[in-house]
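Heads up, the thing below is written out as structure tokens.
Nothing in this text is a laboratory measurement; each read-out follows from the coordinates by a stated rule. The structure presented is a predicted model; accordingly, all values stated were derived computationally and were not measured. All Cβ positions, glycine included, derive from the backbone under ideal geometry; neighbour counts span all protein chains shown.
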Amino acid sequence: MKQLRNTWVVAKRELASYFTSPLAYIFIIIFLVLAGFFTFNVGSFFDTNSASLGVFFQWHPWLYLFLVPAIGMRSWAEERRSGTIELLLTMPINASQAIIGKFLAAWIVLAVALALTFPMIITVNYLGDPDNGVIISGYLGSFLLAGAYLAISNMTSAMTRNQIVSFIVSVVLCLFILLAGWSPVTSTLVDIAPAWLVNTVRGFSVMPHVSALQRGVIDIQDICYFVSVVVFGLFTAGVVLYSKRV
């Protein structure tokens, strides 16, 4: 219980810093505007004549590619730049509680942004008779994808005190797991690399797991993939912070 309480103390501290500054509000507004623009204008939502949010969800991996690192880049880079990381890590909490607390706070901000798209659910139910189970699964996939990107951003933020460097590296790493299973990429690798390497690269791809959830298929393997990415990102952040502390 004490560990959970300490983790929540850090999470509340971070949440307060997000919502007492313009950062969270700017992020939420930009996400909502871009999500609506790509769904209705670029994705031609009304022209699909389908009571589905597939067009809405298909843009999330690309929106998160830049927006999530923008949230995650400050997690540890700002602490290191301002010199408050030493104070945080000398408080009666351990590094893992601080890492998880910071991660949860940023993930809650992302969850709030995602929850505020509820008018999309109302709209599609008003226009037709959608499968709401598929919609819920799509939201779950979007939430888990945001968490995976955020864990990677936390990891890169722990590696540098420069937020811009953290942002750029996060985008590159997230782009890698986004494109790793993309047909043009794997087709190119087939011509220059052995099959085992191609299969290994394809295994890092986030898209098959996101696509399955967007279709309404909730498989334990897909959940495990996202959990593994989150655990890897946060564990690596912990290793980096510990190495810089000793």
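Here the chain is described by how far its Cα atoms reach on the three principal axes: 57, 48, 34 Å, from widest to narrowest. Projecting the Cα atoms of PRO22, VAL198, THR117 onto the charge dipole of the chain (Cβ charges, centred on the Cα centre) puts PRO22 farthest toward the positive pole. Can you give me the angle between helix 95-115 and the longest principal axis of the chain, using Cα atoms only, in degrees from 0 to 90, rounded to the nearest 10? That helix lies at roughly 30 degrees to the long axis. If I model a spin label at ILE136 and VAL165 as a point 7 Å from the Cα along the Cα→Cβ vector, what separation in nanometres do I get? Distance between label points: 4.6 nm.
Taking Cα atoms, how many degrees apart are the long axis of helix 220-245 and the longest axis of the chain, rounded to 10 and kept between 0 and 90? The angle comes out at about 20 degrees. Size descriptor for the range 172-246, Kirkwood hydrodynamic radius: 14.0 Å (Cα pairs only, one decimal). Tell me the angle of helix 60-72 to the major Cα principal axis of the chain, expressed in degrees between 0 and 90 and rounded to the nearest ten. Approximately 10 degrees, to the nearest 10. Think of each Lys and Arg Cβ as +1 and each Asp and Glu Cβ as -1; about the Cα centre, that makes the dipole of the chain roughly 1000 debye.
From its DSSP helices (H runs of at least four residues, each -39,500 (n - 2.57)), the chain gives a residue-normalised ellipticity at 222 nm of -25000 deg cm²/dmol.
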